[in-house]
Amino acid sequence: MAKKKKQSLLQNNWRLLVKLSVLGVLMLGLTYASVPLYAMFCKLVGIPVPGVASQSFDGPQEVSGREVEVRFVAASDPDMPVQLRRLTPSVRVKIGEPTLVAYEATNPTDKDITGIAIHTVTMHGDVVSIDAAEHINLLKCFCFDEFTYPAGQTVQLPVSFTVKSDLPEGTNTIVFSYTLYDVNQAGK
């Protein structure tokens, strides 16, 4: 009788181990799928999200005489102790002209903090669409990648881009908006 109980207990433990292993694999898969799922959700509800990681570079653009103002916005989530700030409020750029700006992130704590920046690129003026991502060649960006901010240090985060020549006429302003999140606080 004790042998049957022991076998039953072993079978139950084995089933539990298999169920927990499957659950762990599913959670890991969901973690890797979170960015594409986020992008699909945003596209479904109409929130502009640029495809930075997979965005193709169209090669050097011909610089034209047409100019547009590009503004920069920075914010940190309330749960993120690292403070993100723009170093340049705005610049006037010519269409096709390579542009390099930087943001700055300061970690005032005594421990390293890993964060991720999410950004949107919008355009304003006499345009119907507000999503400007398809009209930007983003060459370097600190968005959508986890980055560890060293304790007690300030780091500069470059953004390099060109505005494509297919930017709709009537667009007079483009806004790059970045929000920094603590990856350890996400979902809590």
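The selection criterion, being within 15 Å of LEU87 (Cβ to Cβ) and either of a type outside the set (Phe, Trp, Tyr) or surrounded by fewer than 16 Cβ atoms within 10 Å (Cβ to Cβ) (or both), holds for VAL155. Only one of the listed residues (ASP110, ASP79) is surrounded by fewer than 16 Cβ atoms within 10 Å (Cβ to Cβ), of a type in the set (Asp, Glu), in contact with a strand residue (DSSP E or B) (Cβ under 6 Å, 6 or more places away or on another chain) and modelled with pLDDT of 90 or more. That residue is ASP79.
Pull up region 86-118, narrow it to residues that are charged (D, E, K, R) and in a loop (DSSP other than H, G, I, E, B), then point me to the one that is nearest to ARG66 (Cα to Cα).
At the first step, the residues of region 86-118 found to be charged (D, E, K, R) are 86, 92, 94, 97, 104, 110-112.
Checking the rest, the ones that are also in a loop (DSSP other than H, G, I, E, B) come to 97, 110-112.
Numbers: GLU97: 10, ASP110: 47, LYS111: 46, ASP112: 44 Å.
By that ranking, first place goes to GLU97.
Evaluate region 171-188: report whether one residue or more is surrounded by fewer than 17 Cβ atoms within 10 Å (Cβ to Cβ), under 15 Å from the mean Cα position of the chain (by Cα) and over 22 Å from PRO89 (Cα atoms). The answer is yes; a qualifying residue exists.
The rows are residues; the columns are (1) outside the structural domain of PRO168 (by TED's automatic domain parsing); (2) under 18 Å from the mean Cα position of the chain (by Cα); (3) modelled with pLDDT under 95; (4) under 26 Å from GLN153 (Cα atoms).
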| position | (1), (2), (3), (4) |
| --- | --- |
| SER56 | yes, yes, yes, no |
| GLY59 | yes, no, yes, no |
| PRO98 | no, no, yes, no |
| THR122 | no, yes, yes, no |
| VAL127 | no, no, yes, no |
| ASN137 | no, yes, yes, no |
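Which residues, counting only those in region 68-85, are in a strand (DSSP E or B) and of a type in the set (A, V, I, L, M)? If the condition is that a residue be in a strand (DSSP E or B) and of a type in the set (A, V, I, L, M), then VAL68, VAL70, VAL73, ALA74, ALA75, LEU84 are the ones that fit. Checking each residue in region 142-169 for being at pLDDT 90 or above and on the phi > 0 side of the Ramachandran plot picks out only GLY152. Within region 139-149, the residues that satisfy the criterion of being exposed (fewer than 14 other Cβ atoms within 10 Å of the Cβ) and either within 15 Å of MET80 (Cα to Cα) or not assigned by TED's automatic domain parsing to the domain that holds VAL121 (or both) are GLU146, THR148.
Looking at VAL159, VAL93, just one residue is farther than 24 Å from ASP77 by Cα, among the aliphatic types (A, V, I, L, M) and in contact (Cβ under 8 Å) with a residue 40 or more places away in the chain, and that residue is VAL93.
The values are calculated or read from the model by the stated rules, or taken from the named source; none is laboratory data. Everything numeric in this text was worked out from a predicted model, so none of it was measured. Cβ atoms come from the backbone with ideal geometry, glycine included; neighbour counts cover every protein chain shown.
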